[in-house]
Amino acid sequence: MLLKDEVAVVTGGGMGIGYAIAVGLAREGAHVAIFDVNSEAGRKAASDIERSGRKAFFCQVDVSDPVGVDTGVKEVLEVFGRIDILINNAGITHPSVSILDLDPEWLEKVTNVDFKGVYLCARRVGREMVERRKGVVINIASVAGLTSLPLPVYGPIKSAVIMLTQILARDWAPHGVRVNAIAPGYVLTPLLEGLFQKGLRDRDTILRSVPMRRFIMPEDIANAAIFLCSEKAACITGVTLPVDAGFLCAGGWRAYGYE
């Protein structure tokens, strides 16, 4: 087990990528605390982990609320005594439209969860890690933070998460704390499946943009997170690892007749 008896906090761990990461960390021996606004999904995730033989704990937390984050972290410390791993996964997106057509309310919504949430959780848990001189933080970013996509709020916010990752990595490296990011491509989550069903995304169009012609599964992101959390990545900090089935390297190849 790569993470035997480590204590991890996974935000947004009730479903999708967060759930896969939480279960994956537990499979590698970690005890897991789930932070999620969805109590039903969060409790089920914790129950699934406990059935696998690891300790699990659920706390209903809105990551954009500093008081809620502080309370959640205190509860985890009371239950487990420490936090070794933080996975900042909680996030939302918005419709893929021009900035001219995007309701301004999305600016506050996405910023609060996708950036402020990462900032607050990293700050609160990082304080504990720096004091103990041990810890790993993984921020879930996106390929939208690395290349231009029609997501005029989500993309820039994920770019900010990537920059924050680098800043924290440099700040905390002398204190034994590593900070990295993962930039997923098109992950086949319930959210994406829902967009297909509503006609808001087209499955074949997406697959044609991915050189490997496959969707990433949540478990693929979990495997990357497990590696970055483990001692196998002991000298890796400040990086953003794309897990995108080749999406970013596609560039302008289609203009040359490549499919």
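List of remarks:
- Computed from the Cβ-Cβ distance with R0 of 30 Å, the FRET efficiency linking Asn223 to Asp70 stands at 0.45.
- For Gly126, the shell of other residues with beta-carbons less than 14 Å away shows a net charge of +4, using +1 for Lys and Arg and -1 for Asp and Glu.
- The alpha carbons of the range 8-49 give a radius of gyration and a Dmax of 8.6, 25 Å, in that order.
- Amide N proximity, the range 30-47 versus Gln197 label position 7 Å along Cα-to-Cβ, cut-off under 20 Å: 38-42, 44-45
- Extension gain, Asp103-Ile236: 0.36 nm per intervening residue step, less the Cα-Cα distance, totals 44.0 nm.
- Magnitude of the charge dipole for the range 80-171, about its Cα centre and with charges confined to Cβ atoms of Lys, Arg (+1) and Asp, Glu (-1), is about 600 debye.
- Lysine pairs within the chain, Cα separation less than 24 Å, 8 or more sequence positions apart or different chains: 17
- Other residues whose C-beta falls under 15 angstrom from the C-beta of His31 contribute a net charge of -2, scoring Lys and Arg +1 and Asp and Glu -1.
- With a simple spin-label model that places each label point 7 Å from the Cα along the Cα-to-Cβ direction, the separation between Thr205 and Gln166 comes to 3.2 nm.
- P(r) tail for the range 122-182: Cα pairs beyond 13 Å make up 59% of the total.
- Over the range 58-163, volume per residue of the alpha carbon convex hull, in Å³: 96
- DSSP bridge pairs, the chain: antiparallel proportion in percent, nearest 5: 0
- Cα extents for the range 1-108 along the principal axes, largest to smallest and rounded to whole angstrom: 50, 26, 24.
- Stretched out straight at 0.36 nm per residue, the stretch from Arg82 to Glu259 would grow longer than its current Cα-Cα span by 58.8 nm.
- Ellipticity at 222 nm from helices only: DSSP H runs of n ≥ 4 in the chain, each -39500 (n - 2.57), divided by the residue count, give -13000 deg cm²/dmol.
- Tail weight of P(r) past 16 Å, computed on alpha-carbon pairs of the range 212-258, percent: 54
- With the convex hull constructed from alpha-carbon coordinates only, the range 111-220 shows a mean projected area of 7.9 nm² over all directions.
- Divided by 2.2 N^0.38 Å, where N counts the residues, the Cα radius of gyration of the range 147-191 comes to 1.45.
A short reminder: the numbers here are calculations on the coordinates, not readings from a lab. Predicted model only: the values in this text are computed from it and were never measured. All Cβ positions, even for glycine, are placed from backbone atoms using ideal geometry, and neighbour counts span all protein chains on display.
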